[in-house]
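A short worksheet on the structure shown next.
Here, each number is a calculation from the coordinates, and none is a lab measurement. None of these values were measured; they are calculated from a predicted model. Don't worry about glycine lacking a Cβ; one is built from the backbone with ideal geometry, like all the others, and counts go over all protein chains shown.
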Amino acid sequence: MTQILLETKIAATIDICFDLSRSIDLHQISTAGTKERAIGGRTSGLICAGESVTWEAIHFGIKQNLTVQIKEMKPPHFFSDQMLKGAFKSMYHEHHFKEQNRQTLMSDLFQYETPLGFAGRIFDALILKKYMTGFLIERNNTIKTIAESGDWKSILKY
């Protein structure tokens, strides 16, 4: 199983960071490069515990679908999502949020297994882990930019 650990410091409240992280609309903004869009389940707004979303995106030139479900949620400190259907053999993502010195520390633990045995492990080692790390960093940088700029108001609409 491959693990990716990331930490992102954001100069915004924990509530804003938590809600941006579970926003379907923000996710689609952050993944414009892969043309990712929600096509099933929760397709806009804030996803909640027990809900699922099916994403359609183009990765490595191939149109793919991925369905994930929010397994656990403890606002505004934690939520996790798990793949129900998709290209991975398995996928699990933990999102942690902690207030520190008037900032929010957002931490991700992203775990996945590739299919196809040895060939999948080679693909992961050579290409996929770097690709997924960049994908998650892009998402986190989008959350950071929107949270810190005040543009979150147009997405969260509190």
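Worth a mention:
- Using alpha-carbon coordinates, inclination of helix 129-149 to the longest axis of the chain, degrees: 10
- Length-normalised contact order of the chain in % [C-alpha pairs under 8 Å, at least 6 apart]: 29
- Potential lengthening of the chain between N101 and T34 amounts to 20.6 nm, from the contour at 0.36 nm per residue minus the alpha-carbon distance.
- The H on the amide N of G45, modeled in the peptide plane, is under 5 Å from the matching H of I24, D25, each at least 5 residues off or on a different chain.
- Applying the criteria of a DSSP loop state and at most 14 other Cβ atoms within 10 Å to the chymotrypsin sites (Phe, Trp or Tyr not before Pro) of the range 1-68 yields F60.
- For the range 109-158, trypsin sites (Lys or Arg not before Pro) meeting the loop criterion (DSSP other than H, G, I, E, B) and having at most 10 other Cβ atoms within 10 Å: K157.
- Modelled spin-label separation between E113 and A49, with each label point placed 7 Å from Cα along the Cα-to-Cβ direction: 2.7 nm.
- For the range 1-71, convex hull of alpha carbons as volume per residue, Å³: 123
- Ordered from longest to shortest, the equivalent ellipsoid semi-axes for the chain are 26, 17, 15 Å, each the square root of 5 times a Cα gyration tensor eigenvalue.
- Using the Karplus relation 6.51 cos²θ - 1.76 cosθ + 1.60 with θ = phi - 60°, the per-residue 3J(HN,Hα) values for the range 42-50 come to 6, 10, 7, x, 9, 6, 10, 3, x Hz, with x marking Gly and Pro.
- Normalised by 2.2 N^0.38 Å, where N is the number of residues, the C-alpha radius of gyration of the range 40-102 stands at 1.28.
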